[in-house]
Amino acid sequence: MSQKNPIRVFVTHNWHDTDDYLRLFEYLESASNFFYKNTSTPDKPPAKADTETVREDLRRQIAAAEVCVALASLYAEQPDLTIFQMNYAQSQKKPVILLPQFGLRSEPNKLLQERADETVAWEQRGIIDAIRRLARQENTQRFDTIEFNPDDFKDFKLD
């Protein structure tokens with residue numbers, strides 16, 4: 001992954017920006033050394049609003065992606081559209097990452113969980129790692145370095 005070869009990400013939507021949709025892109029934008037291209041186009045609804053035209057437009061957006069991020073919050077608004085997007089991504093061998101509704105402690109709907117390859121919490125590092133791992137099979141194992149001053153432990157005694 002580089003600026004010349006960004007990961008192509010589709011995010012489920014219903015042609016308007018929701019809080020979770022915008023929040024996800026805030027997380028992606030603020031990640032260092034993470035390059036992606038958004039293949040979802042919620043700002044460009046199809047000219048005709050009939051079911052088949054809408055689905056064909058979504059198929060086009062999903063086909064251009066390497067990975068799909070499904071927002072559980074969309075299911076509450078439009079369950080059929082959310083399930084369609086997840087099913088189509090799976091049928092095209094696009095891995096699906098499920099994000100629960102932000103701020104809720106409850107588990108996402110079982111229908112959504114069954115269609116997801118992985119469910120990730122709203123935590124930037126976990127989301128980025130899941131996208132890298134599922135889209136490009138990148139090794140995302142990282143280790144945190146904790147720095148401390150040995151002088152802080154000079155009075156510490158082991159029994």
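The values are calculated or read from the model by the stated rules, or taken from the named source; none is laboratory data. As the structure is a prediction and not an experimental result, all values here were calculated from the model. Neighbour counts are summed over all protein chains in view; Cβ atoms, including those assigned to glycine, are modelled from backbone coordinates with ideal geometry.
Annotations
- The residues listed here are Ala89, Ala65; of these, the one that is in a loop (DSSP other than H, G, I, E, B) and either at pLDDT 95 or above or hydrophobic (A, V, I, L, M, F, W, C) (or both) is Ala65.
- Condition met for Ile62 (under 25 Å from Pro6 (Cα atoms) and β-branched (Val, Ile, Thr)): yes
- Hits in segment 18-37 - residues which are within 16 Å of Gln61 (Cα to Cα) and without any contact (Cβ under 8 Å) to a residue 40 or more places away in the chain: Lys37
- Among the conditions (1) modelled with pLDDT of 95 or more; (2) touching a strand residue (DSSP E or B) at 6+ places or on another chain (Cβ under 6 Å), the only one that Arg60 does not satisfy is (2).
- Every residue from segment 73-94 that is crowded, with 20+ Cβ neighbours inside 10 Å and within 15 Å of Ser40 (Cα to Cα): Leu74, Thr82, Gln85, Met86, Ala89, Lys94
- Sole residue being out of contact with any Gly (no Cβ under 8 Å at 6 or more places or on another chain) and surrounded by 14 or more Cβ atoms within 10 Å (Cβ to Cβ), chosen from Glu56, Glu107, Glu66, Glu114: Glu66
- Of the residues making up segment 32-53, those that are buried (at least 16 other Cβ atoms within 10 Å of the Cβ) and under 14 Å from the mean Cα position of the chain (by Cα) are Phe34, Tyr36, Asn38, Thr39, Ser40.
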